[in-house]
Amino acid sequence: MRKIKGLEEEARKLLQSNGISRPPVPVENLARALEIDVRYSPGKEDVSGALIRDGESVVIAVNSAQHENRQRFTIAHEIGHFLLHKGTQVHFDEDFRVNYRNAVSSEATNIGEIEANRFAAALLMPEDFLRRDLLRLQPDHERINETIQSLSVRYKVSTRAIELRLVNLGFISPVE
């Protein structure tokens, strides 16, 4: 398993090389910069997306039936797979390499999924962006839920994603 600092650094380099310095991170633009085609289509509820590699062509398939914030996290997650993992070879009419984002992705049982989730969090909610916003907002314990809500809107991620990121970075204690 890659160290968290390495995943943070990969995300930071991608943001810097694309001139992104504030939220919300334009994940579709980052995918395009990596020559990844993002395609939307409604799908089963338990599948958020997939990264499909077919020779030189790379596609991120996104479940358009899910909330926009979930779609953004899925794109960031699949970019993580693209940069960090080879994928699993499957056979249809041709050979493809695929990474799926489904319910198992959030269970913290598969190392590749854990890494892609951590990368996605670092990409969408960079530590330095959050530090800057927290200094500006100066939240206190009584207003932490309000701060989380405000940040989730600013970063276009779920309140749960922001909360977990703030806890994992040590900025806040778990919200009860």
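The values are calculated or read from the model by the stated rules, or taken from the named source; none is laboratory data. If you're wondering where the values come from, they're calculated on a predicted model, not measured in any experiment. For neighbour counting, all protein chains shown are included, and Cβ atoms are generated from backbone atoms with ideal geometry for every residue, glycine included. Surface areas here come from the heavy atoms of the whole protein model, side chains and all, with no ligands, DNA or RNA. Shrake-Rupley method; radii C 1.70, N 1.55, O 1.52, S 1.80 Å.
Quick look at the values:
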| read-out | value |
| --- | --- |
| Segment 1-25 residues that are closer than 16 Å to Arg165 by Cα, paired with ones that are of a type outside the set (Phe, Trp, Tyr) and assigned to a loop (DSSP other than H, G, I, E, B) (beta carbon under 7 Å, 6 or more apart) | Ala11/Pro126; Arg12/Pro126; Pro24/Lys156 |
| Top-ranked residue of segment 1-21 - restricted to ones that are in contact with a helix residue (DSSP H, G or I) (Cβ under 7 Å, 6 or more places away or on another chain) and assigned to a loop (DSSP other than H, G, I, E, B), ranked as modelled with the highest pLDDT | Asn18 |
| Members of segment 22-52 that are part of a loop (DSSP other than H, G, I, E, B) and open to solvent by 70 Å² or more (accessible area, probe 1.4 Å) | Arg22, Glu35, Pro42, Lys44, Glu45, Asp46 |
| Residues being part of a loop (DSSP other than H, G, I, E, B) and either over 16 Å from His67 (Cβ atoms) or among the charged types (D, E, K, R) (or both) - total across segment 119-176 | 14 |
| Residue identified as at pLDDT 95 or above and open to solvent by 90 Å² or more (accessible area, probe 1.4 Å) among Val153, Val157 | Val153 |
| From the options Glu107, Glu113, Glu94, Glu68, residue that is modelled with pLDDT of 80 or more and over 21 Å from Ser152 (Cα atoms) | Glu113 |
| Selection count where residues are assigned to a helix (DSSP H, G or I) and hydroxyl-bearing (Ser, Thr, Tyr), scope segment 106-118 | 1 |
